[in-house]
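Comments concern the structure below.
The values are calculated or read from the model by the stated rules, or taken from the named source; none is laboratory data. Note that the structure is predicted; figures quoted are calculated from it, not measured. Virtual Cβ from ideal backbone geometry, glycine too; neighbours counted across all protein chains shown.
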Amino acid sequence: MQSLSQWADSRTGGGIHENLSLESGASTPNTSTIVNDYRTMQDLVFSTLRDEILSGRLAPGERLNIGQIAERLGVSRTPVRESMNRLASVGLIEIIPHRGSFVKKLSLEEIIEIYYIRAALEGIAARLAARNLGSEAIERLRAICAEVRSCVEPADDDRFLALNFEFHDIIFRGARALHLEELIRQHYVRSEQYRALSLDLPGRHAEICAEHQAIAEALAARDADRAEHHAREHHLNTARRIARSIGSTDVI
């Protein structure tokens, strides 16, 4: 299996390590090339760790060892350390002085709060998207709804989650409100690692299909009030089901 650095080299024509080395008699590499290659490596480490957290491969509460991660990914400690700082800034890991770095473990109250925030923000996004989305985007939303139904029985969670992201991403971008989109994406990332708590409940896949269909049809009708309502309820329903999966009923 390729290490991350080997994969990165294959994507850049061997450039990351090759450009950073100074062999005897070789000319000094272009500074901008070094910076860009370094950023590429750091971005690769960041996205790899982020995806492992969101998929559950790195579980909430798990301790993260910089040296072990660097060895596993085939990179130096520096891009791992800086990627972990970035992950901490978006709330996916927690760095505790004198103890180490850990995948962020949220309480039920914090998880529910994030979904409440998503409900409010994405309700606003849906309202704006009802006015701003183009006809092609709306048709794609409808097509996604049809594709998602094929992932329900038998359950194909990977495909289901990819389509789920695309559905919401179209609405985020379609709102045409950059600051709102930034806030939504921040909370989207923080909530995704807990989505399995909702998907594991019987019937939830089918319910999401129905909720997405309601949002898509409201957007197609350019009904801003209905689009906002269905988008809000979609996330409040997720919060309710996560609470139910943990045995709590103390959710609006």
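Observations on the model:
- Positions within the range 184-204 being at pLDDT 80 or above and not aliphatic (A, V, I, L, M), in sequence order: R185, Q186, H187, Y188, S191
- Only listed residue being basic (K, R), in the same structural domain as Q193 (by TED's automatic domain parsing) and within 21 Å of L236 (Cα to Cα), chosen from R131, R140, R127, R149: R127
- Condition met for T28 (at pLDDT below 85 and either assigned to a loop (DSSP other than H, G, I, E, B) or out of contact with any Leu (no Cβ under 7 Å at 6 or more places or on another chain) (or both)): yes
- Hits in the range 73-105 - residues which are in contact with a Gly (Cβ under 9 Å, 6 or more places away or on another chain), buried (at least 16 other Cβ atoms within 10 Å of the Cβ) and at pLDDT below 90: K104
- Selection count, the range 79-108, where residues are part of a helix (DSSP H, G or I) and either touching a residue at least 12 places away in the same chain (Cβ under 8 Å) or assigned by TED's automatic domain parsing to the domain that holds L180 (or both): 10
- Flag if R226 is in the same structural domain as H187 (by TED's automatic domain parsing), over 19 Å from R149 (Cα atoms), in contact with a helix residue (DSSP H, G or I) (Cβ under 6 Å, 6 or more places away or on another chain) and not in a helix (DSSP H, G or I): no
- Scanning the range 130-163 for residues that are at pLDDT below 90 and part of a helix (DSSP H, G or I), we see that the one that is surrounded by the fewest Cβ atoms within 10 Å (Cβ to Cβ) is D158.
- Extreme residue, modelled with the lowest pLDDT, among residues of the range 52-70 that are within 23 Å of I96 (Cβ to Cβ) and in a helix (DSSP H, G or I): L54
- G13 vs. criteria at positive phi and at pLDDT 90 or above: no
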